[in-house]
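The values are calculated or read from the model by the stated rules, or taken from the named source; none is laboratory data. Keep in mind it's a predicted model, so treat the numbers as computed, not measured. Glycine gets a Cβ as well: all are built from the backbone with ideal geometry, and neighbour counts include every protein chain shown.
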Amino acid sequence: MRILCLALSTRAMSTTSVVSNLESVRARVPKEATLIAVSKTKPIELIAAAASAGHQDFGENYVQELVEKAEALTDIRWHFIGRLQSNKVKLLCSAPNLFAVHTIHNEKLANALQKQWELKDAPPLNVFVQVNTSGEESKGGCEPADAPGLALAVKACPNLNLLGLMCIGKYSGAEGDASPDFIVLRECRAAAANALEVPEDSLALSMGMSHDFESALEHGATHVRVGSTIFGARSYAT
Ligand SMILES: *Cc1c(COP(=O)(O)O)cnc(C)c1O
């Protein structure tokens, strides 16, 4: 079944639909890849239901919202996938169980995160370098050509653990296939791996959302971020 959620209504989904949507998506994601259930704007009860069904990885876009949810729900690995401003770094780092930050777009931000995380008695924080693969102004991330340099800068931060690269693909229609973005991100990974002198497959690829995660997986995604297909449409555009 390709189309899991036809509901375009903004009514909250039931916990049973969320769990069954989650199971259906999970069945389409290979075991080696990480499915991040993107729960932005969605209520705690729905996240709790998905967590009780055994799901661990959840993604949020807004710092304040992630912190509040992380304080309410334990046993979750929180992924921050939104645009991050330096003045929110301290608050973000206060979130319990923050597992990874996917949106490092420049060296200044990497250094701010390093400085803050250093103060914690915790293992290095997992991070991804975000690349603006589509060149759209609305999208965050560094220029593809800057990805290797930024990866090197992150690698130099002792309290950050570079997991890989991330992009938000360009949505290109109902059967949207963001494959040009996925190809660009793979090329960036090759260049970054070369600069870091590590094997390419030691760097993860966070790419693919509800409409294109299967295409992303075909292009080598290791982390897919799926929101509306699991939790239903959001009531405001994000
Ligand atoms: C909202 C969001 C997602 C999930 O989008 P859906 O289309 O609802 O699956 C994935 N990644 C990022 C960065 C997002 O902001």
Subject >> Matching entry among ASP75, ASP57 (being touching a residue at least 12 places away in the same chain (Cβ under 8 Å) and under 16 Å from the mean Cα position of the chain (by Cα)) >> reply: ASP57
Original post:
Just checking, how many residues over the stretch 174-200 are farther than 20 Å from GLY135 by Cα, within 16 Å of the ligand (Cβ to nearest atom) and touching an Asp or Glu at 6+ places or on another chain (Cβ under 6 Å)?
Top reply: 0
Subject >> Filter result for the condition that a residue is crowded, with 23+ Cβ neighbours inside 10 Å and in contact (Cβ under 8 Å) with a residue 40 or more places away in the chain, over ALA204, ALA100, ALA191 >> reply: ALA100
**OP:** Scan the stretch 76-95 and give yes if some residue there is closer than 19 Å to SER14 by Cβ and touching a Ser or Thr at 6+ places or on another chain (Cβ under 7 Å), otherwise no.
**Re:** no
Original post:
For ASN161, all conditions in the list (1) out of contact with any strand residue (DSSP E or B) (no Cβ under 6 Å at 6 or more places or on another chain); (2) closer than 17 Å to SER202 by Cα hold save one; what is the number of the exception?
Top reply: (1)
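Provide a single number: the residues in the stretch 114-137 that are in contact with a Pro (Cβ under 8 Å, 6 or more places away or on another chain) and crowded, with 17+ Cβ neighbours inside 10 Å.
Residues in the stretch 114-137 being in contact with a Pro (Cβ under 8 Å, 6 or more places away or on another chain) and crowded, with 17+ Cβ neighbours inside 10 Å: 6 in total.
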Original post:
Which of (1) near the ligand (Cβ under 10 Å from one of its atoms); (2) within 15 Å of the chain's Cα centre (by Cα); (3) surrounded by 21 or more Cβ atoms within 10 Å (Cβ to Cβ) does GLY232 not meet, given it meets every other one?
Top reply: (2)
**OP:** Considering each of ASN111, ASN161 in turn, give the residue that is under 24 Å from ALA37 (Cβ atoms), surrounded by fewer than 19 Cβ atoms within 10 Å (Cβ to Cβ), modelled with pLDDT of 95 or more and not basic (Lys, Arg).
**Re:** ASN161
Subject >> Test: ILE168 is part of a loop (DSSP other than H, G, I, E, B) and out of contact with any Pro (no Cβ under 9 Å at 6 or more places or on another chain) >> reply: yes
**OP:** State all residues of the stretch 201-229 that are part of a loop (DSSP other than H, G, I, E, B), among the hydroxyl-bearing types (Ser, Thr, Tyr) and more than 9 Å from the ligand (Cβ to nearest atom); if no residue qualifies, say none.
**Re:** THR222
**OP:** Sort through LEU91, LEU84, LEU66, LEU46 and tell me the only one that's surrounded by 15 or more Cβ atoms within 10 Å (Cβ to Cβ) and more than 16 Å from the chain's Cα centre (by Cα).
**Re:** LEU46
